[in-house]
Every structure is written in structure tokens, then in C-alpha cells.
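Computed from the coordinates by the stated procedures, all read-outs in this text should not be read as laboratory data. None of these values were measured; they are calculated from a predicted model. As a convention, Cβ positions derive from the backbone with ideal geometry for all residues, glycine included, and neighbour counts pool all protein chains shown.
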Ligand code: ARG
């Protein structure tokens with residue numbers, strides 16, 4: 001089981017999603033999106049590789065100038081910030097793939113993960129019915145995208161591309177709610 005904790009900041013609203021694209025554009029890792037199709041950086045220009053001491057550790061997305069969104073567990077480290085770097089815009093990457101997955105109902109996902117971990121409102125599950133398409137180890141921090149908006153961040157799982165366990169993502173809409181909108185509303189309507 002890979003319980004890879006949770007995810008950092010993210011600042012784009014999620015909208016209605018049915019079909020979700022999971023880009024995967026970084027090389028040199030054992031794990032990469034399973035069952036994906038070849039793609040290129042120009043289709044997913046926001047995709048980056050988050051690197052520690054020069055090696056890929058996670059994916060991430062460019063949110064705006066100087067801000068990259070990734071999973072929090074990707075950067076928990078005793079090493080300082082200068083040990084981390086971002087590789088972006090690489091055009092010649094072998095094995096860049098994106099996989100199309102569907103959001104799995106949270107109750108269904110909770111049943112899958114019963115006895116393993118609770119699937120909270122902070123999380124989203126995505127998969128395809130017969131398995132075979134998913135993110136995998138090394139994909140943490142990668143974006144789950146619908147209609148060009150960031151709706152999830154690859155986080156954790158039990159295995160990859162299985163029929164009995166969906167991939168689990170940080171729920172970005174809820175992240176926004178908690179850390180961006182709620183504080184704004186509280187501040188505005190406080191006392
Ligand atoms: N925790 C993993 C990592 O750090 C990501 C797992 C995503 N797995 C999945 N089956 N969707 O790379």
C-alpha cells in the first residue's frame with residue numbers, strides 16, 4: 001500500500017467534469033501512468049517534473065509565474081528548498097503519456113478502501129471500469145484535468161490501474177474552499 005499523504009496548494013476552480021485527462025510527461029521513473037496514450041508537452045504545457053537533487057521525484061503543474069502546484073508529500077524533506085528544482089517544457093521525453101479516467105463516486109471509493117483508509121471530502125477517486133488506466137508511483141503531484149481546469153492532484157493508492165482500487169487524488173475544489181474561500185468569507189463577515 002502506498003499511502004502518500006496529501007497535497008499542497010492549488011488555485012484553480014473545478015467545474016463539472018465527466019471526462020478527465022491525466023497528463024504524464026516526465027521521464028526516468030519506474031512508475032508512470034498506466035494504460036496512457038503517447039502525448040507531447042505542447043498539449044500539456046503546464047506539466048512539470050519536480051526534482052530533488054536533479055532527479056525526478058514527482059509531477060506538478062504550473063499555476064502561474066513562479067507558482068507550481070504539487071503534492072505536499074513530494075517536498076517533505078530534511079533537505080532545503082534549494083535542493084528542489086522544476087524541469088519544464090521538455091519536448092523530447094520518451095514515454096510521455098496521458099490517461100483518460102473517470103471520477104469514481106466517493107461512497108464507492110470508500111467501500112474499495114474500507115479497512116485501508118477513509119476517503120474524505122479532501123479526496124477524489126478516479127479510475128476506469130475495467131482497470132488498466134491510472135496514475136502510478138512517480139506520478140504524485142501530477143494534475144487531474146477536466147475541461148482545462150485542475151480538479152485533482154495525484155496522491156495515493158493501493159496498487160495501480162486495478163479494478164478493485166481507484167486512484168486517489170487531492171480534491172482541488174475542496175482545497176480552494178478550505179484555504180482560499182472560507183478564510184475570505186470568515187474575514188469579511190467576522191464580528
Ligand atoms: N503516491 C504515489 C507517488 O508518490 C502516487 C500514487 C498514485 N497512484 C495511483 N494508482 N493513482 O508517486
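Across 5 Å bins from 0, what is the distribution of all Cα-Cα pair distances for the range 150-191, in whole percents?
Pair shares across the bins are 5, 21, 16, 15, 12, 10, 8, 6, 4, 2, 0.
Take the alpha-carbon centre of the range 65-98, take the same for the range 100-130, and report the distance between them in whole Å.
The two parts, judged by their Cα centres, are 26 Å apart.
Stretch residue 117-residue 184 to full length: gain in nm at 0.36 nm per residue minus the Cα-Cα span? The partial results should precede the final answer.
On the way: separation 67, 0.36 × 67 = 24.12 nm, distance 3.10 nm.
Computed gain between residue 117 and residue 184 is 21.0 nm.
Under a crude label model (7 Å from the Cα following the beta-carbon direction), how far is residue 79 from residue 130 in nanometres?
Going by the 7 Å Cα→Cβ label model, 4.1 nm.
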